[in-house]
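Student: To start, I am sharing the structure in question, which I have written as structure tokens.
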Amino acid sequence: MSKEPVAVTGIGQTHHVAARRDVSIAGLVREAAGRALEDAQSTWADIDAVVIGKAPDFFEGVMMPELYLADALGAVGKPMLRVHTAGSVGGSTALVAANLVAARVHRTVLTLAFEKQSESNAMWGLSLPIPFQQPLLAGAGGFFAPHIRAYMRRAGAPDTIGSLVAYKDRRNALKNPYAHLHETGLTLEKVQSSPMLWDPVRYSETCPSSDGACAMILTDRTGAARAPHPPAWVHGGAMRSEPTLFAGKDFVSPQAGKDCAADVYRQAGITDPRREIDAVEMYVPFSWYEPMWLENLGFAEEGEGWKLTESGVTELDGDLPVNPSGGVLSTNPIGASGMLRFAEAALQVRGRAGAHQVDGARRALGHAYGGGAQFFSMWLVGAEPPAV
């Protein structure tokens, strides 16, 4: 029996900020879920199951929060699944929900991811004390900076590329009313003169800490036929993982990322991603990861990704717009950051991305990664139903 086609009929997100002190975690997730239901013109009664994800529980110090969030998400008496795959969890959560619809286990599923970073300290939460880790870094930036330097040496990339990415994404965020950072006076010179945090990553080239949530309504063909707006159709989705450390691991371009992208392209019938994909929402928490992932995902040959950035290909009006929403560099509620990439890709092919809409976008890729560049989740969505 063939899989049931999966459609995204509702998308909702909060206005992402540094601190949402006006709501609890329950209020935050219900806000996003309510907006997704409104977009789909659905009610809580239409939802058969809920799939929820977030980053590590010790970030907020609330263990297994999904248990107390069931009431806020209309899930009392309904199946609820919790997903966790580090920073890629938002994408993985969406894929678990999509698979439940594709396998005809449920007809309509609410999927949601969140983080309330104002009630946590992710940087120090990710900096393990002696003897569990050598005292050589602070936070994720300290972990990834050596991998970025390795890429720069390998690719021969000039040290200005990171600032070009950050400047682009922060300008894109000005067109996204939900984005956390709206830096109206930002210039390229300001990015390049911002303080160095983890060489070569500067302050303006790193992601913020955000409070926020994102939700989507996923449904089958029957549900899609009742949708008030054109849906986004899932053409392919995959997850891959690899250990944090192993002999021969390529930190610059992890094999799990390559394998995940290849599987998604195979499912979607993509043979030339550079030409066949219209927009990419890519998980870029530190600006240099745009050229690195362009290569890892097959949009550029090894050592060539930075040239796409430098030549303007990834600009909003370029041949391959990357992060038209402003991306993780502008909004980062960690648990939801991956789902935001998936949801923003879906908004593009639905033609509902507003001021950051890519003209004529028919196919878009959503991408997320987490851990020590070891957990990957991706989906490709299209404006037309997938070929059966």
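Student: Which far-off residues, 5 or more places away or on another chain, put their amide H under 5 Å from the one on residue 10, with H placed in the peptide plane?
Tutor: The list, which skips near neighbours in sequence, is 217.
Student: Figure the gain on full extension for residue 22 and residue 203 (residue separation times 0.36 nm, minus the Cα-Cα span) and round it to one decimal in nm. Provide the component values of the computation, followed by the final result.
Tutor: Details: separation 181, 0.36 × 181 = 65.16 nm, distance 2.80 nm.
That pair, residue 22 and residue 203, stretches by 62.4 nm at full extension.
Student: I've got another one for you. Quick one: go through region 29-58 and flag any residue whose amide nitrogen is under 17 Å from the point 7 Å out along the Cα-to-Cβ line of residue 71.
Tutor: It comes to 29-31, nothing else.
Student: Could you give me the ³J(HN,Hα) list for region 302-307, computed from phi with Karplus coefficients 6.51, -1.76, 1.60 and θ = phi - 60°, whole Hz, x at Gly and Pro?
Tutor: So the J values, rounded to whole Hz, are 4, x, 10, x, 5, 5.
Student: Which loop-located trypsin sites (Lys or Arg not before Pro) does region 1-104 contain, where loop means any DSSP state but H, G, I, E or B and the Cβ has at most 16 other Cβ atoms within 10 Å?
Tutor: Values: sites: 3, 20, 21, 30, 35, 54, 82, 104; in loops: 3, 20, 21, 104.
Passing both the DSSP loop test and the Cβ count: 3, 21, 104.
Student: Can you send over the solvent-accessible area of residue 197, 1.4 Å probe, protein chains only, in Å² to the nearest 10?
Tutor: Accessible area, nearest 10 Å²: 80 Å².
Student: Still on this model: What's the local net charge at residue 312, with K and R +1, D and E -1, over the other residues with C-beta under 14 Å away?
Tutor: Working: positive: 168, 171, 307; negative: 169, 290, 310, 315, 317, 319.
Net charge around residue 312: -3.
Student: Report ³J(HN,Hα) in whole Hz for each residue of region 331-346, in order, from the Karplus equation J = 6.51 cos²θ - 1.76 cosθ + 1.60 where θ = phi - 60°; Gly and Pro get x.
Tutor: 8, 8, x, 2, x, 9, 4, x, 5, 4, 5, 5, 5, 5, 4, 5
Student: To the nearest 10 degrees, how steep is helix 139-155 against the longest Cα principal axis of the chain, on a 0 to 90 scale?
Tutor: 60 degrees
Student: Please report the spacing between the Cα centers of region 1-79 and region 159-185 in Å, no decimals.
Tutor: After rounding, the separation between the Cα centres reads 27 Å.
Student: Moving on. For the pair residue 310 and residue 196, what calculated FRET efficiency results from E = 1/(1 + (r/R0)^6), where r is the Cβ-Cβ distance and R0 = 22 Å, to the nearest 0.05?
Tutor: My answer for the efficiency is 0.55.
Student: Okay, moving on. Would you please give the FRET efficiency between residue 123 and residue 41, computed as 1/(1 + (r/R0)^6) with r the Cβ-Cβ distance and R0 = 41 Å, to the nearest 0.05?
Tutor: On the way: r = 41 Å, r/R0 = 0.99.
Using R0 = 41 Å, I get an efficiency of 0.50.
Student: Also, quick follow-up: Using θ = phi - 60° and the Karplus relation 6.51 cos²θ - 1.76 cosθ + 1.60, list the HN-Hα couplings for region 31-43 in order, rounded to whole Hz, with x at every Gly or Pro.
Tutor: For region 31-43, the Karplus curve yields 4, 5, 4, x, 5, 5, 5, 5, 4, 7, 6, 10, 10 Hz.
Student: OK, next. With a 1.4 Å probe and all protein chains in place, put 314, 184 in order of accessible area, largest first. Before the final figure, lay out each step's value.
Tutor: On the way: 314 0, 184 125 Å².
From most accessible down to least: 184, 314.
Student: Taking a label point 7 Å from the Cα of residue 81 along the Cα→Cβ vector, which residues of region 1-16 have an amide N closer than 16 Å to it?
Tutor: It comes to 3-7, nothing else.
Student: Ordering 57, 22 from largest to smallest accessible area (1.4 angstrom probe), what's the sequence? Don't skip to the answer; put the middle values down first.
Tutor: Values: 57 25, 22 110 Å².
Descending order: 22, 57.
Student: What's the angle, to the nearest 10 degrees (0 to 90), between helix 255-268's Cα axis and the longest principal axis of the chain?
Tutor: Around 40 degrees separate the two axes.
Student: Can you tell me the orientation of helix 161-173 relative to the chain, as the angle in degrees between its alpha-carbon axis and the longest Cα principal axis, to the nearest 10?
Tutor: Between the helix axis and the principal axis of the chain, the angle is about 30 degrees.
Student: Within 11 Å, Cβ to Cβ, of residue 49, how many net charges do the neighbouring residues add up to if Lys/Arg are +1 and Asp/Glu are -1?
Tutor: Working: positive: 78, 107; negative: 48.
Around residue 49, the surrounding residues sum to +1.
Student: On average, how much accessible surface per residue is there in the chain, in Å², for a 1.4 Å probe, leaving out ligands, DNA and RNA?
Tutor: 39 Å²
Student: Then there's this: Can you work out the FRET efficiency for the pair residue 355 and residue 160, with r the C-beta to C-beta distance and R0 = 30 Å, to the nearest 0.05?
Tutor: Details: r = 27 Å, r/R0 = 0.91.
The value I calculate is 0.65.
Student: So what is the relative contact order for the chain, in percent, with contacts set as C-alpha pairs under 8 Å and at least six apart?
Tutor: On the way: 946 pairs, mean separation 100.2, N = 388.
Over the chain, the number comes to 26 percent.
The values are calculated or read from the model by the stated rules, or taken from the named source; none is laboratory data. Everything numeric here is computed off the predicted structure, so don't read it as measured data. Note: ideal-geometry Cβ built from the backbone for every residue, glycine included; neighbour counts use all protein chains shown. The protein model used for the area step is the full one, side chains on, heavy atoms only, and it has no ligands, DNA or RNA in it. Shrake-Rupley method; radii C 1.70, N 1.55, O 1.52, S 1.80 Å.
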